[in-house]
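The values are calculated or read from the model by the stated rules, or taken from the named source; none is laboratory data. Values in this document were obtained by computation on a predicted structure and should not be read as measured data. Counting neighbours? That spans all protein chains shown, and the Cβs are built from the backbone with ideal geometry, glycine included. Remember, those area values only see protein heavy atoms, side chains included, never the ligands or the DNA or RNA. Shrake-Rupley method; radii C 1.70, N 1.55, O 1.52, S 1.80 Å.
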Amino acid sequence: MPSNDKLFAYNLGQIVPLNEATLHISDLSVQRGYGVFDFVKVQQGYPLFLDDYLDRFYQSAELMHLAVPLSREEIKQVISKLTDLNKLPVAGMKMILTGGYSEDGFTPMNPNLLITQLPLTLPSADKVAKGIPIMTHDYVREVPEVKTINYSMGIRLLQEQKASGAEEVLYAKNAIVSEFPRCNFFIVTHDGTVVTPASNILKGITRKNVLSLAGRRYKTEVRDIRLEEVLQAREAFLTSTTKRILPIVQIDEAMIGTGKPGEVSMQLLQDLISLEVEQVAAAKGW
Ligand SMILES: Cc1ncc(COP(=O)(O)O)c(C=O)c1O
């Protein structure tokens, strides 16, 4: 449990000290792992690309037949209030919508909304400079377009992942790759095309931004990618809100490209950081 007693959270209609935010055990998130969430990065007090995250949050809720008890404007007000109260320079704002307090432990009731804000550590410069090894696992998420709170497979695989020395697990079903438990996947082919999987994925907000930035410099494609193609790729990288872009240098036993982070991955990371800086500057009227 986060133990920062100076932070505040939104808990079922009220802003309370984080340490006092609670849910009853009859909630369907506890009983059946039923709920959705989203996660926005806050930099210098500004939630980056907030509208995209809210779009996805409401869409996840709809696909899971859960009604969000607050309007978009109300959620924005809560986020702004928490940002002012918590004063965290770099943070993750998490909106969690659960199945609600269920009478029979199975049927959803009025969904419960919680919003927390916690400090966020981005990957170290050393990790970005070295790149990471990953492993693959034969799996596809149940309802990939929903950002569900259920990460059972990724969590269950942690032991195997650690034992193999991998930093992340790439899901691939029938040799077609999709995504990581918490990140999207890209390759750069030998002709310099930036490619990301089209289906069986959560549509990451970072993926969307990276695709658009890549389109300004390189050819891009959104399509199925087979594992054999990944092994032949010149570069590979992952994207997510908390990791931005992390180069991948090894998949299972195979080295990717030269075994070092590639030029395209590093260029896109610089472009993404610049886009974030521009967003904050525009929001603050600098
Ligand atoms: C399953 C899954 N895929 C991809 C992502 C990356 O999405 P984003 O760039 O919006 O963080 C996430 C984020 O947590 C995720 O849970």
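Key figures for this structure:
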read-out	value
Quarter of the Cα convex hull surface for the stretch 125-276, i.e. its orientation-mean projected area (nm²)	8.3
Where the chain is the region considered: accessible area per residue in Å², 1.4 Å probe	49
Exposure of D84 as accessible area (Å², to 10), given a probe of 1.4 Å and all protein chains	100
Translational D in µm²/s for the chain (Stokes-Einstein at 20 °C, 1.002 mPa s, Kirkwood Rh from C-alpha pairs)	107
Tilt relative to the chain, helix 263-284 - C-alpha long axis, 0 to 90 degrees, to 10	30
Inter-label distance, nm, simple model (7 Å from Cα along the C-beta direction), H190/A175	1.8
Pairwise FRET efficiency - S80 versus L12, Cβ, R0 = 30 Å, nearest 0.05	0.95
Positive-end residue of I25, Y46, Q14, charge dipole of the chain with Cβ unit charges	Y46
Gain on full stretching of the segment that runs from L70 to V277 - 0.36 nm per residue minus C-alpha separation	71.6 nm
The chain - mean residue ellipticity at 222 nm from DSSP helices (-39,500 (n - 2.57) per run, n ≥ 4, rounded to 500)	-9500 deg cm²/dmol
Hz values of 3J(HN,Hα) by residue in the stretch 158-169 - Karplus curve (6.51, -1.76, 1.60), Gly and Pro given as x	4, 5, 4, 4, 4, 4, 8, x, 7, 9, 8, 10
Folded to 0 to 90 degrees: helix 50-63 orientation relative to the chain principal axis, Cα	80
Lysine-lysine proximity count for the stretch 27-185, Cα under 29 Å, sequence distance 8 or more or distinct chains	26
Point-charge dipole on Cβ atoms (K/R +1, D/E -1) for the stretch 67-114, about Cα centre, debye to 20	320
Inter-label distance for A198 and I25, nm, one decimal - labels placed 7 Å from Cα along Cα-to-Cβ	4.9
The stretch 210-277-the stretch 56-79 distance, computed between alpha-carbon centres (Å)	31
Whole-Hz ³J(HN,Hα) from phi, Karplus 6.51 cos²θ - 1.76 cosθ + 1.60, for the stretch 141-157, glycine and proline x	5, 4, 10, x, 6, 9, 8, 7, 7, 8, 10, 3, 5, x, 6, 5, 7
Integer Hz, Karplus 6.51/-1.76/1.60 couplings in order for the stretch 86-102, x for Gly and Pro	7, 6, 9, x, 10, 8, x, 9, 10, 9, 10, 10, 9, x, x, 6, 9
Nearest 10 degrees, 0 to 90: helix 205-217 Cα axis against the chain principal axis	40
Long-range amide H partners of E167 with built H, under 5 Å	I134, M135
Rounded to the nearest 20 debye, dipole of the stretch 125-276 from Cβ charges on Lys, Arg, Asp, Glu	440
